There are 2 protein chains.
Amino acid sequence: MNLKIMKSPKLAVFVFAASFMIACAPIQKEEAETSDPLPSWNEGETKSSIIKFVSEVTDPGSAHFIEVADRIATFDNDGNLWSEQPAYFQLFFAMDRVKLLADQHPEWKTQQPFKAVLEDDLKTLASFGEHGIIELVMATHANITTEEFESVVKQWLVAAKHPRFKRPYTQLVYQPMLELLEYLRSKDFKTFIVSGGGIEFMRPWVEEVYGIPRDQVVGSSIKTEFTYQDGQPVIMRLPELDFIDDKADKPVGIHRFIGRKPVFASGNSDGDLQMLQWTASGEGLRFMLYLHHTDSEREWAYDRESHIGRLDKGLDEASEKGWTVIDMKEDWKLIYPFELE
Amino acid sequence: MNLKIMKSPKLAVFVFAASFMIACAPIQKEEAETSDPLPSWNEGETKSSIIKFVSEVTDPGSAHFIEVADRIATFDNDGNLWSEQPAYFQLFFAMDRVKLLADQHPEWKTQQPFKAVLEDDLKTLASFGEHGIIELVMATHANITTEEFESVVKQWLVAAKHPRFKRPYTQLVYQPMLELLEYLRSKDFKTFIVSGGGIEFMRPWVEEVYGIPRDQVVGSSIKTEFTYQDGQPVIMRLPELDFIDDKADKPVGIHRFIGRKPVFASGNSDGDLQMLQWTASGEGLRFMLYLHHTDSEREWAYDRESHIGRLDKGLDEASEKGWTVIDMKEDWKLIYPFELE
């Protein structure tokens, strides 16, 4: 904009002022605050308790004010930011990979859990639990470089479809949780994933899908090694477990990667219980959030008896300690972003 | 500001516009660009090569443009952001801690490296190298909770003084590097520490001193364990090494914590060589920076023969590959922030 060519000084000043109004981020932010930050959440105690917490801890005049640097929010991924039924999505990825590599591994025909994979026996596979699945993933995804692995994940995400919804897995994320992530970030929270899933399985897509940077992902991992291939430095993935980011090791992972106790933690299973306990142990106002899968029609309904994402002890402790529990069926207007189409 | 009470509409619009000029961050940023971003750096090839790189990769019209999400800059700490002579500062911390705990450990009187510590024998201690020092630190800092350890570090930082400069160690950071960190961040780089030092020794102070958040610190660590003390969840530090973030394990640590290859890497010793090689192996324009300690008066002069921060192979490779090498004596107008007083 060249102010010199404007003939009316009044107009020039007006346009000048208007241009700042448009360009100026803080003003836009204030305007946005008057609209609903969680439009896909039904009105009720769950939604209002989230908004009340965020408003209190970000109000400099409140006794519960939390400094920006301390606004750490951690989210489990499977069953919390995206679905985890009829099996962890990373398991479908591993199964497809096993089938792809089966020709090179004739022994897999008789060896579990590979046998169950080759026979599409999800029930047997589920019985191995999250640890078994992570081990399967590790075993089938080592001995390649980190760059090759990233490319394998990206290729799979483009091609693979969820068995029930016939859509790419990254479309089965929860719209209400996307809004919650964005709402927290708009209030200067730093949002992290803290998942039992593989850290390198998540990194290729979480930035685009959740708006969470790659360095804000805590997850399970196998060991890696820096070496040279044809004179070029590479990092090789080794067939050896390094860290399983689940249960009591979620606080360990949080401390190792983030180095600060969260003030907001969100999960959906007993595997998240210690993360919520760790968060609750901080001084001052803290927010512990459980997602309870209660919607057998739009998503799935499961809790205390489920092999996947069991929520049993966590449900009792949430009730005992007054943590907030999302009732998916009652609290969410819609589940997936594609319902907005 | 209430615009209604202003009698002159022209004045009102002017004040309105002016208030946006003051409040509006992007405008202030543009103005700042015209001033020198690295005032403590002498004019010359080193300074101009840094500014040229940053300008090129942040110019959307340049063929070398790098997206904001990829602007990852990694910095070694010891001898690179703060001094490391006459010994790593974390070693002084460990020595003070050994002396404090010596009564409970009579065996230390005859057992190395504790014996050397109790006898203030820096020469023998230095011969153990960085690994030996890390082990000493680990051994003397386990069996307490992470919260207790943080408080121990903070107490030490307040009380301890550097033997030569008689100032707190956190004052012995390099003013030109503080400017470089700030310059990169003003251009939307995310700045990380990638150090052989203990991650939990750095976290309590790097945010305040370097403006680097706690979750952007990669370093060496001991194992930890989530448990309960009097019903309260705590994380205990165990006397077992977990990860030494040095040499070929620097790229491993970068990949584990950051998950993205840096585009800018800065170090001062052979321990940083693989980090610089890893950075250089990325596609597109990359910046590899070595700090050469050449100032025997204002700081220290050492390189190929030094026990601490040896820079030998790195110096050859930098010369061979055209990486930028800071000549501390020639390139820096001043070393420490207190010289500005």
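Summary table
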| quantity | calculated |
| --- | --- |
| Whole-angstrom gap from region A:268-299 to region A:93-127, using each part's C-alpha centre | 33 Å |
| Other copies of residue A:341: label-to-label distances in nm, shortest first, labels 7 Å along the beta-carbon direction | 6.6 |
| Aspartates and glutamates whose Cα lies under 13 Å from that of residue A:247, excluding same-chain neighbours fewer than 8 positions away | A:76, A:130, A:270, A:272, B:225 |
| Neighbour net charge for residue A:266 - beta-carbon separation under 11 angstrom, K R +1, D E -1 | -2 |
| Length released on extending from residue A:120 to residue A:154, taking residue separation times 0.36 nm less the Cα-Cα span | 10.0 nm |
| Neighbour cut-off at most 10 other Cβ (10 Å), DSSP loop, trypsin sites (Lys or Arg not before Pro), region A:147-191 | A:166 |
| J(HN,Hα) series, region B:296-301, from Karplus relation 6.51 cos²θ - 1.76 cosθ + 1.60, nearest Hz, glycine and proline x | 6, 8, 7, 9, 9, 10 |
| Test item: A:204-214 mean partner chain Cβ contacts at 10 Å | 2 |
| Rg/Rh for the protein assembly as shown, where both radii come from Cα atoms and Rh is the Kirkwood radius | 0.99 |
| Pseudo-label separations to other copies for residue B:96 - Cα-to-Cβ vector, 7 Å, nm | 5.5 |
| Residue A:101-residue B:65 FRET efficiency (beta carbon distance; Förster radius 45 Å; 0.05 resolution) | 0.75 |
| Average other protein chain Cβ within 10 Å of Cβ, residues B:255-265 | 5 |
| Dipole magnitude of region A:186-274, debye to nearest 20 (Cβ charges: Lys/Arg +1, Asp/Glu -1, about Cα centre) | 380 debye |
| Nonlocal amide H pairs with residue A:293, under 5 Å, H built at 1.01 Å | A:302 |
| Calculated P(r) of region A:88-141 - Cα pairs past 13 Å, % | 51 percent |
| In sequence order, calculated HN-Hα J values of region B:313-323 (Karplus, 6.51, -1.76, 1.60; Hz; x Gly/Pro) | 4, x, 5, 5, 5, 4, 5, 4, 9, x, 6 |
| Per principal axis, descending, Cα span of region A:105-264 in whole Å | 54, 45, 32 |
| For B:110, A:279, A:46, order by how many other beta-carbon atoms lie within 10 Å, fewest first | B:110, A:46, A:279 |
| Computed helical MRE - 222 nm, the protein assembly as shown, DSSP H runs ≥ 4 contributing -39500 (n - 2.57), nearest 500 | -12000 deg cm²/dmol |
| Cα gyration tensor shape of region B:230-341, rounded if a/c is under 1.5, else prolate or oblate by comparing a/b with b/c | oblate |
| Qualifying aspartates and glutamates (Cα of each under 19 Å from Cα of residue B:333; at least 8 residues distant if same chain) | B:36, B:43, B:45, B:179, B:182, B:295, B:297, B:299, B:341 |
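Each reported figure results from applying straightforward, stated rules to the coordinates on display, with no laboratory input. Since we're looking at a predicted model, the values are computed, not measured. Every residue, glycine as well, gets a Cβ built from its backbone with ideal geometry; the counts of neighbours run over all protein chains shown.
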